[in-house]
Amino acid sequence: MSAAAMFLAPAVAVAFALAGCGGGGDNNGPTPPPPTDNTVAAVVDAGPGGYVNLLFVSVTVCAPGASTNCQTIDHVQVDTGSNGLRIFSSVLSPAVSLQQQRDANGNPIVECTQFADGVSWGPVKIADVRIAGELASSVPIQVIGDPAFATIPASCSNLGPPENDVPTFGANGLLGVGFFLQDCGAPCAQLTIPGTYYICPASGCQPARIAVGLQVQNPAALFAADNNGVIIRLPSVPAAGAATVTGSLVFGIGTQSNNSVSGFAALGVDATTGNLVTVFNNKTYSSSYVDAGSNGTFFGTGLFPNCSASFDGFYCPPTAQNLTAIMRGNNGTQNAVNFSVGNAEQLVTANPNFYAFNNLAGSNPDTATFAWGLPFFYGRSVFTAIEGRSTPAGVGPYVAF
């Protein structure tokens with residue numbers, strides 16, 4: 001979840017916020033395995049927090065190796081701007097009994113996850129993760145708000161307001177299915193970085209280096225197949241918005257008949273940051289990104305009139321603005337993107353029961369960043385290819401649409 005601003009609908013508050021062989025005379029060759037069910041319904045609706053433009057799926061978590069000791073959790077937000085599964089402790093049944101992740105010395109590993117609008121604190125635990133027909137076994141995930149780790153170290157809490165409960169976060173969890181295999185990777189294994197990973201012995205929590213394999217992992221990269229990326233497919237939304245939207249989250253790129261990337265332009269992204277370039281209004285935004293976890297398109301400052309305090313951070317032009325930008329990958333591929341900026345305050349107050357809007361946009365204090373949030377995904381198939389994984393359109397990481 002990387003949104004720069006979020007509001008409820010109706011707007012009453014603002015938070016800044018992954019073979020058998022034939023025998024005898026049969027020369028047909030190996031029989032391929034049946035295709036895996038690699039698609040799960042994805043919905044935009046009010047969710048548990050009443051925020052607009054949040055995309056949700058259901059995820060099943062199980063104790064590792066268990067077939068019955070499982071729980072299906074609905075309204076887990078889909079985020080291509082982060083990596084790893086995070087579930088709130090308050091919605092996770094104790095009966096599932098997930099094992100605590102520990103370092104080589106037996107210390108519990110706990111994570112401080114930083115978002116643009118706050119931080120979430122909680123232990124890393126081990127779970128089997130099932131989505132549609134896909135299974136990722138023994139995956140390190142984060143359990144946010146676990147009362148066993150109630151005290152948040154100052155080096156974490158100083159980074160932003162806590163988002164350790166469902167109403168504040170707006171979802172029962174977060175499914176990060178971005179470009180990368182882990183949520184931090186080599187930097188957190190090589191360096192002690194306050195505000196990321198901690199060990200929490202009885203004497204208290206302290207920042208620590210954590211081996212890559214012990215960090216929170218992108219579950220979409222751990223499936224037996226369909227593990228090279230994801231596709232988000234959403235229908236178009238009218239200019240006035242919609243109450244709900246139902247699309248799909250598809251696993252794999254070019255691995256089955258329903259996830260072909262043929263005909264789509266693949267834009268390479270930076271292998272460290274996941275960023276690419278956006279050119280808009282003769283300005284180059286060199287640190288741009290595509291992120292289903294942001295609930296608007298965030299760019300520039302002062303380009304359009306700002307909304308009132310209740311919609312702080314969003315643009316409110318007097319009339320809808322129909323615009324075009326160029327998105328450019330580091331592989332030289334580029335694509336024009338048509339988008340709109342509507343009056344956020346008018347749109348939401350006129351339609352208090354609508355939760356999907358394709359024209360919500362706001363300012364971004366980082367003048368080098370153009371954030372393409374969920375409005376970009378409406379009416380498109382958007383591919384997120386995972387780092388180092390081969391696809392018919394090339395090796396990830398890249399975004400295609």
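The values are calculated or read from the model by the stated rules, or taken from the named source; none is laboratory data. Given the structure is predicted, the values throughout are model-derived calculations rather than measurements. Here the Cβ positions follow ideal geometry from the backbone for every residue, glycine too, while neighbour counts run over all protein chains shown. Each accessible area value is taken on the protein alone, full model and side chains, heavy atoms only, with ligands, DNA and RNA left out. Shrake-Rupley method; radii C 1.70, N 1.55, O 1.52, S 1.80 Å.
Out of the residues in the range 84-110 meeting the condition of being part of a loop (DSSP other than H, G, I, E, B) and more than 23 Å from the chain's Cα centre (by Cα), tell me which one is surrounded by the most Cβ atoms within 10 Å (Cβ to Cβ).
Out of the qualifying residues, it is 107.
Take residues that are charged (D, E, K, R) and more than 20 Å from the chain's Cα centre (by Cα) and tell me which of the helices (runs of 4 or more DSSP H) falling wholly in the range 112-225 contain 3 or more. Working first, answer last.
Values: elements: 154-157, 166-169, 186-190.
Where helices (runs of 4 or more DSSP H) fall fully within the range 112-225, none carries at least 3 residues being charged (D, E, K, R) and more than 20 Å from the chain's Cα centre (by Cα).
How many residues are farther than 15 Å from residue 386 by Cα, in contact with a Ser or Thr (Cβ under 8 Å, 6 or more places away or on another chain) and open to solvent by 60 Å² or more (accessible area, probe 1.4 Å) if we restrict to the range 268-293?
1
Given the structure, is residue 338 of a type in the set (S, T, N, Q), in a loop (DSSP other than H, G, I, E, B), at pLDDT 95 or above and open to solvent by 40 Å² or more (accessible area, probe 1.4 Å)? I'd like the intermediate steps shown before the answer.
Working: of a type in the set (S, T, N, Q): yes; in a loop (DSSP other than H, G, I, E, B): no; at pLDDT 95 or above: yes; open to solvent by 40 Å² or more (accessible area, probe 1.4 Å): yes.
Answer is no for this residue.
Test of understanding: among 176, 229, which residue is on the phi > 0 side of the Ramachandran plot, at pLDDT 95 or above and in contact with a Lys or Arg (Cβ under 9 Å, 6 or more places away or on another chain)? It would help to see each step written out before you state the result.
Details: 176 fails: on the phi > 0 side of the Ramachandran plot.
Step by step, each of 176, 229 is checked, and only 229 is on the phi > 0 side of the Ramachandran plot, at pLDDT 95 or above and in contact with a Lys or Arg (Cβ under 9 Å, 6 or more places away or on another chain).
Taking residue 76 as the residue in question, decide whether it is touching a helix residue (DSSP H, G or I) at 6+ places or on another chain (Cβ under 7 Å), crowded, with 21+ Cβ neighbours inside 10 Å and closer than 21 Å to residue 147 by Cβ.
Details: touching a helix residue (DSSP H, G or I) at 6+ places or on another chain (Cβ under 7 Å): no; crowded, with 21+ Cβ neighbours inside 10 Å: yes; closer than 21 Å to residue 147 by Cβ: yes.
Against the criterion (touching a helix residue (DSSP H, G or I) at 6+ places or on another chain (Cβ under 7 Å), crowded, with 21+ Cβ neighbours inside 10 Å and closer than 21 Å to residue 147 by Cβ), residue 76 does not qualify.
Against the conditions (1) more than 22 Å from residue 131 (Cβ to Cβ); (2) polar (S, T, N, Q); (3) surrounded by fewer than 23 Cβ atoms within 10 Å (Cβ to Cβ), where does residue 246 fall short? Just the number, please.
(1)
Yes/no per residue for (1) touching an Asp or Glu at 6+ places or on another chain (Cβ under 6 Å); (2) open to solvent by less than 50 Å² (accessible area, probe 1.4 Å):
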position	(1), (2)
198	no, yes
202	no, no
207	no, yes
223	yes, yes
227	no, yes
235	no, no
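Taking residue 258 as meeting all but one of (1) in contact with a strand residue (DSSP E or B) (Cβ under 9 Å, 6 or more places away or on another chain); (2) open to solvent by 20 Å² or more (accessible area, probe 1.4 Å); (3) within 27 Å of residue 171 (Cα to Cα); (4) assigned to a loop (DSSP other than H, G, I, E, B), write down the number of the exception.
Among (1) in contact with a strand residue (DSSP E or B) (Cβ under 9 Å, 6 or more places away or on another chain); (2) open to solvent by 20 Å² or more (accessible area, probe 1.4 Å); (3) within 27 Å of residue 171 (Cα to Cα); (4) assigned to a loop (DSSP other than H, G, I, E, B), the lone unmet condition for residue 258 is (3).
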